[in-house]
Amino acid sequence: MNSPRPLHVLDVRDLPPPEPMEQVLERLPGLTPGEILCMRHRREPFPLYPILRDMGFQWQVRTPVHVPFEILIWRAGEPAPEDPA
């Protein structure tokens, strides 16, 4: 079994627009290969997705019980995060 990849949580649920977008875009350049950024948001950030693609990132949207939306972001070409057990 592989060791878990480093996960950095960015909770933007209580921030007004455009701060959630600014926060995530500020953190992406520092995301190193193998790391995952987990953005917790109160709504699905559709405008973010084309920007992520253009910047060379992939993402996965989850809707866990404790938060409306959780967007996992990692560098393109790396495997998708595994589902939690």
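All of the numbers you see were taken from the coordinates with simple rules; none came from a lab. Not measured: the values here are computed from a predicted model. Every residue, glycine among them, receives a Cβ derived from its backbone with ideal geometry; neighbour counts consider all protein chains shown.
Close amide-amide hydrogen proximity is noted between Asp11 and Arg40, each under 5 Å apart and 5 or more residues distant or on a separate chain (H modeled in the peptide plane; Pro and chain starts excluded). Remark: the His8-Ala76 segment gains 22.8 nm on full extension, using 0.36 nm per residue and subtracting the alpha carbon distance. Restricting attention to the chain, close to 70% of DSSP beta bridges with both partner residues there are antiparallel.
Summed over qualifying helices (DSSP H, 4 residues or more, each -39500 (n - 2.57)) and divided by its residue number, the chain shows a 222 nm mean residue ellipticity of -5500 deg cm²/dmol.
Computed over the range 7-75, the Cα gyration tensor eigenvalues convert (square root of 5λ each) into semi-axes of 17, 13, 11 Å, ordered from largest to smallest. For the chain, GluC sites (Glu not before Pro) are listed when DSSP marks them as loop and at most 13 other Cβ atoms sit within 10 Å of their Cβ; the list is Glu82. Residue exposure proxy: Ile36, Ile73, ordered by other Cβ atoms within 10 angstrom of their Cβ from fewest to most, comes out as Ile36, Ile73.
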